[in-house]
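The values are calculated or read from the model by the stated rules, or taken from the named source; none is laboratory data. Fair warning: this is a prediction, and the values are worked out from it, not measured in the lab. Counting neighbours? That spans all protein chains shown, and the Cβs are built from the backbone with ideal geometry, glycine included.
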Amino acid sequence: MVEEELMVSSSSLPACPAYYLVSAAKAELLMKLKEMQPSGPGEEEEMYPDLTEKKAELIHSIGRKLQTLREARQSLLQDVHENEQLGANVEVNVCAVCKPNELDKYRMFVGDLDKVVNLLLSLSGRLARVDNALCSLGEDTRLEDRHLLEEKRRVLSAQYQDACELKENLERRRHLVDSILAGLLSPDHLQDYQHFIKLKSALVEEQRELDEKIKLGEEQLRCLRESMPPEYCLTETYNN
């Protein structure tokens with residue numbers, strides 16, 4: 001069921017205008033760069049040094065933030081690995097006390113946890129991008145493009161509601177598994193199980209958030225570098 005929902009979420013969407021593919025962070029950066037650009041004849045030569053300096057400062061700042069985010073991701077991956085090791089120990093304890101049908105319920109619940117959380121995060125992120133694209137439409141936007149975005153939002157909204165129902169179903173299954181294990185596991189082993197489950201979903205959310213921030217930072221950095229004069233790019237390459 002969850003696998004089918006994941007496939008539907010990425011295959012039943014209408015085509016959309018190219019500007020939907022621009023992230024909110026990149027769109028904001030492009031707008032700032034546009035505001036920084038000179039607007040009149042002769043102004044380019046006058047503003048060029050200051051403009052380049054501001055862009056260079058932004059490149060340096062974003063580069064430092066990216067380094068911090070990548071370090072945080074490495075630390076997070078270690079946390080994920082340690083929690084998966086805890087999960088392996090928990091399953092050993094569960095196998096020792098559960099009947100086959102109870103073990104199946106546990107394994108299905110744990111297996112679907114990542115999938116449902118990832119599905120919700122994916123759909124909410126895509127909805128946000130469509131909303132951003134719709135808000136960015138100008139008066140001269142073609143009616144066809146607007147309708148395509150509105151249809152995309154309608155489909156994504158329906159899929160998000162379906163995913164929320166999957167999450168509610170998962171919560172009901174969690175309560176069932178909790179009640180089964182509460183009567184079978186020792187207090188220490190039960191605490192390990194609860195800690196594993198709590199961290200598992202939290203780490204999925206944190207990892208996705210970090211990955212998105214890194215992706216958007218890399219987009220901004222690439223956009224800035226492409227807007228810089230060739231001599232700056234040569235200097236940056238030499239310094240690196």
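Residues that are closer than 20 Å to residue 207 by Cβ and among the aliphatic types (A, V, I, L, M) within segment 106-126 comprise 110, 113, 116, 117, 119, 120, 121, 123, listed in sequence order.
Scan 149, 156, 103, 137 and give me the residue that is more than 17 Å from residue 201 (Cβ to Cβ), out of contact with any His (no Cβ under 6 Å at 6 or more places or on another chain) and either at pLDDT 95 or above or charged (D, E, K, R) (or both). After applying the criteria, what remains is 103. The combined condition, being surrounded by fewer than 18 Cβ atoms within 10 Å (Cβ to Cβ) and assigned to a helix (DSSP H, G or I), is fulfilled by residue 168.
State yes or no: is residue 76 at negative phi, at pLDDT 55 or above and surrounded by 14 or more Cβ atoms within 10 Å (Cβ to Cβ)? Yes; evaluated as a whole, the condition is true for this residue.
Across segment 110-129, the qualifying residues are those that are of a type in the set (D, E, K, R) and under 28 Å from residue 175 (Cβ atoms), and the one among them that is surrounded by the fewest Cβ atoms within 10 Å (Cβ to Cβ) is 114.
Taking residue 132 as the residue in question, decide whether it is in contact (Cβ under 8 Å) with a residue 12 or more places away in the chain, more than 26 Å from residue 195 (Cβ to Cβ) and crowded, with 16+ Cβ neighbours inside 10 Å. Walk me through how you get there before you give the answer.
Details: in contact (Cβ under 8 Å) with a residue 12 or more places away in the chain: yes; more than 26 Å from residue 195 (Cβ to Cβ): yes; crowded, with 16+ Cβ neighbours inside 10 Å: yes.
So residue 132 passes the test.
Could you run through segment 171-200 and say how many residues are surrounded by 15 or more Cβ atoms within 10 Å (Cβ to Cβ) and among the hydroxyl-bearing types (Ser, Thr, Tyr)? So the count comes out to 1.
What do you reckon, is residue 175 in contact (Cβ under 8 Å) with a residue 24 or more places away in the chain, under 30 Å from residue 82 (Cα atoms), of a type outside the set (Ser, Thr, Tyr) and out of contact with any strand residue (DSSP E or B) (no Cβ under 7 Å at 6 or more places or on another chain)? Step through it out loud before you land on a result.
Working: in contact (Cβ under 8 Å) with a residue 24 or more places away in the chain: no; under 30 Å from residue 82 (Cα atoms): yes; of a type outside the set (Ser, Thr, Tyr): yes; out of contact with any strand residue (DSSP E or B) (no Cβ under 7 Å at 6 or more places or on another chain): yes.
Against the criterion (in contact (Cβ under 8 Å) with a residue 24 or more places away in the chain, under 30 Å from residue 82 (Cα atoms), of a type outside the set (Ser, Thr, Tyr) and out of contact with any strand residue (DSSP E or B) (no Cβ under 7 Å at 6 or more places or on another chain)), residue 175 does not qualify.
Go over the candidates 156, 224 one by one and state the one that is over 30 Å from residue 68 (Cβ atoms) and in contact (Cβ under 8 Å) with a residue 40 or more places away in the chain. Going through 156, 224 in turn, the sole match is 156. Restricting 65, 152, 99 to those that are over 27 Å from residue 222 (Cβ atoms) and not small (Gly, Ala, Ser) reduces the list to 99.
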